[in-house]
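Okay, structure first, notes after.
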Amino acid sequence: MPTPTELKAEILRLTREYSALMHTGQRPGDDPAHASWTPGQTIPYAGRVFDQDEVEAAVGATLDFWLTLGPEGEAFEKELAALLGVKHSLLVNSGSSANLVAFATLTTHKLPAHKRILPGDEVITVAAGFPTTVSPIIQLGAVAVFIDNDPATGNIRPEQLESAYVAGKTKAVMIAHALGNPFDLGAVLEFCRKHDLWLVEDNCDALGCTYSMPVARAKALGITENSPGIPSDGVNITRYTGTWGDISTQSFYPPHHLTMGEGGAVNIISRPPLKTYAESFRDWGRDCWCASGKDDTCGKRFGWQLGELPKGYDHKYIYSHLGFNLKPLDPQAAIGRKQLKKLPAFIEARKRNWEVLRAGLAEFEDVFDFTLPTHATRWLPPSARSGTARSVSNLSASDRFPFESCFEWDQTGGRTDTSWFGFMLRVKPGASFSHTDLARHLDEKKIGNRMFFGGNLLRQPVFVQLKKDRPDAFRVVGEMKGADEIMNQALFLGTYPGLTAEMLAYEIAVIGEFVKSKRG
Ligand SMILES: Cc1ncc(COP(=O)(O)O)c(C=O)c1O
């Protein structure tokens, strides 16, 4: 009779064998073992990239059958926090849940009164993007104050922040790094510090992207260190997005930089008490912070007197917040841990794929405006670059993408190194076709494409209705011309690591033929 250990080892050996045969289509695009692809077959805009490591981890954790967030989850939280260089990461079951928990954390009565976000307080956010960046603000009774997007970057226009601010009312800024493109963290943080506001970074689309600013400017903001593993150049501070503000969020849904199926995380960047509050909102609103399966972490389970409960009431069932239960499962975390190991290669692949599309479509600048990284003023064609940046297409997985030489930059000293969630372009108003025409054509050719999530969210049925039902739920500052431009003209293609060179070449050829046919 085989022992349980021997049986498990055999199951896992067979699992790896099965996955190696079954999942070749989900390997990285530059992996020689990637399943062959021929024109006419679907090219997803995004998807899971994995191999037998993830499948073995999922099966192994399932055999262990802990199920609820447990040892794998605890390990993943520590590994993610260490990679980013933040105080804590808390796993949740989606990026949307992460935004909900992050925002709820800032409403706790345990914060000093002037920092606590109460119903009616205002939170500045951005008009075009993903809806669940914004919805927690309104769901929890605060007022969402919308400012416009810059269509060139997809991000907010920081110069609009001051006009959105109301002394005594504004408590926070909650915005996303659009499609991975870091927003102007220098300007946004200076604004937040000036008015003592929280900054919630929705980093769901931007894991592994970095932002740099000159050391003196960063020091003035109280930021003195690079993220772990990023060498100092003595001139700039360079940190991952999601590590500059107070609290940030990740999504691990399949199109994102790493996946655990459904999943997400809340990163507590620098103020440790926020972790306890976030955990409470994630875990039913409870006051107790015992991990799953533990009973007396505080050492006085029956020694508390809180609220109007009798002294000694079981701390495990004491609730200090109106909470949720937003935890993922342990087998999901086991998958996430394997993905985390592959993250550096995934990050670089997205940059290379973006560059291949940008160079391949450069001859169509008469009909397309292409997204620029924040602080870049112009994309440089390879012939106009120096050094290694000339032959970016030859970079291997371990080479760092030479982003600085690929663009011209503004004078702020801010730099962004983007691991793109997608390759966004805008069809110029003068073109003889619309972004919908292009999207339809790409669909016919089975090339995955997406619009920029909800476009101008204010034009979505939910906000039109909200304006009728609860007109005080949000406020709009100025005209949302940039958000409308994105809604009317933008489209994005995939950059995910599963794309092969042949797929990218096919996408470029199909778009080229389409544009030429429309030029007549
Ligand atoms: C910017 C942004 N925030 C939040 C989310 C929500 O993440 P999830 O789908 O995991 O709920 C998304 C989803 O893609 C997103 O793009």
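General remarks:
- Relative compactness, the chain, computed as alpha-carbon Rg over 2.2 N^0.38 Å: 1.00
- Segment 438-453 - phi-based ³J(HN,Hα) in whole Hz, Karplus 6.51/-1.76/1.60, Gly and Pro as x: 5, 4, 4, 5, 5, 4, 4, 8, 6, 9, x, 8, 9, 7, 6, 6
- Sum of -39500 (n - 2.57) over DSSP H runs of 4+, divided by residues of the chain (222 nm, nearest 500): -10500 deg cm²/dmol
- Between segment 16-73 and segment 162-195, the alpha-carbon centres lie 38 Å apart.
- Karplus-derived 3J(HN,Hα) values for segment 463-473, using 6.51 cos²θ - 1.76 cosθ + 1.60 with θ = phi - 60°, are 7, 4, 5, 4, 4, 7, 6, 9, x, 7, 6 Hz; glycine and proline are entered as x.
- Global geometry of segment 84-178, whether rounded, prolate or oblate, following the gyration tensor of its Cα atoms and the 1.5 cut on a/c: oblate
- Value of Rg to Rh for segment 407-456 (Rh from inverse mean 1/r over Cα pairs, i.e. Kirkwood): 1.09
- Global geometry of segment 413-520, whether rounded, prolate or oblate, following the gyration tensor of its Cα atoms and the 1.5 cut on a/c: prolate
- Sorted by Cβ density within 10 Å, fewest first, the residues PHE76, PHE191: PHE191, PHE76
- Too-long pairs where the Cα-Cα distance tops 30 Å, listed order kept, from LYS468/LYS518; LYS78/LYS294; LYS446/LYS516: LYS468/LYS518
- Take every DSSP beta bridge whose two residues both sit in the chain; close to 65 percent of them are antiparallel.
- Listed by chain and number, the lysines placed with their C-alpha closer than 22 angstrom to that of LYS169 are LYS110, LYS115, LYS194, LYS467; residues fewer than eight positions away on the same chain are left out.
- Simple point charges give the picture: +1 on the Cβ of Lys and Arg, -1 on the Cβ of Asp and Glu, and for the chain a dipole about the Cα centre of about 700 debye.
- Coupling constants for segment 38-49 follow from the phi torsions by the Karplus curve (6.51 cos²θ - 1.76 cosθ + 1.60, θ = phi - 60°), and in residue order they are 10, x, x, 7, 4, 10, x, 7, 6, x, 6, 10 Hz; glycine and proline get x.
- Projecting the Cα atoms of TYR45, LEU67, ALA57 onto the charge dipole of segment 36-96, computed from C-beta unit charges around the Cα centre, puts TYR45 farthest toward the positive end.
We did not get these values from a lab; they are worked out from the coordinates using the rules stated. Source: prediction; values computed, not measured. Reconstructed Cβ throughout: ideal geometry from the backbone, glycine too, with neighbour counts over all protein chains shown.
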